[in-house]
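Take a look at the structure set out below.
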Amino acid sequence: MWAPEAEAKPGTYARTMYVPHFNRIDDLDAARAFVHEASVATLVTTGPDGAPDATLLPILWHGDRVIAHFARANEHWKRIADGAPGLFVVYGPDAYVTPTWYAAKAEHGKVVPTWNYSAVQLRGPVTVYEDAAWLDEAVTALTDRHEAGRQHPWAVSDAPDKYVHGQLRAIVGVEMRVERVDAKAKWSQNRSDADRSGVAAGFETEGRPDAAARVRDGSL
């Protein structure tokens, strides 16, 4: 767990992702790279009636801030009180593991299926923005991130100002100040070397070299 920029407040966001010690990733740079690569996350908040809301959003995480935006027509943003606790859930690769890949199956048969995956969760207070200048800066940053590296990158400024301003009226911004980060790589680290070799080989035969690599190095 990390608290970027500042220590998390004692007792804040006590409920965290379940992460056994052998699945915990303590490298903040690795977590940032994982989130950058995924580029999208599910924002979960609780409304005034106690009911949860969840929306998948493109995100940017810089410093201790995550920015994103809703469609204005999405009722989710209206149910977020200023400074309410929020959770961004970011998922990476995942894959089913059959017990037939374990060397232990032939030894004693005491094996069961499981699911391997990578995930990062970001927690902190959430603020909603309707300000046009804030929204323009946010969508420009998001666009520049995804257009970078293209042969002919598109920029927000390529569209007519009147059109852009109309589009901005159709969205609402959201920002989280990140106070806690939990990163988990569940890739058979609790199994024997022989079992892990079998799982990696199994993923390879199923055309999942990405999953096989994670089993071998335990990375996000």
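Below is a table of values for the structure above.
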| quantity | calculated |
| --- | --- |
| Flag if ALA133 is touching an Asp or Glu at 6+ places or on another chain (Cβ under 9 Å), part of a helix (DSSP H, G or I) and within 25 Å of GLY83 (Cβ to Cβ) | no |
| The range 17-54: number of residues that are among the β-branched types (Val, Ile, Thr) and closer than 16 Å to GLY83 by Cα | 3 |
| Those residues of the range 14-27 which are surrounded by 14 or more Cβ atoms within 10 Å (Cβ to Cβ), out of contact with any Asp or Glu (no Cβ under 7 Å at 6 or more places or on another chain) and of a type in the set (A, V, I, L, M), in sequence order | ILE25 |
| Yes/no for GLY207 being more than 16 Å from TYR117 (Cβ to Cβ) and either touching a residue at least 12 places away in the same chain (Cβ under 8 Å) or part of a strand (DSSP E or B) (or both) | no |
| The range 135-159, subset more than 15 Å from ILE59 (Cα to Cα) and of a type outside the set (Gly, Ala, Ser), residue surrounded by the most Cβ atoms within 10 Å (Cβ to Cβ) | VAL156 |
| Hey, SER197 surrounded by 13 or more Cβ atoms within 10 Å (Cβ to Cβ) and in a loop (DSSP other than H, G, I, E, B) or not | no |
| Residues that are more than 25 Å from the chain's Cα centre (by Cα) and either over 30 Å from TYR129 (Cβ atoms) or in a strand (DSSP E or B) (or both), drawn from the range 162-192 | ARG191, SER192 |
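Values quoted throughout were computed directly from the atomic coordinates according to the rules given, and no laboratory measurement underlies them. Keep in mind the model is a prediction, meaning the values are calculated, not measured. Note that each Cβ is placed from the backbone with ideal geometry, even for glycine, and that neighbours are counted across all protein chains shown.
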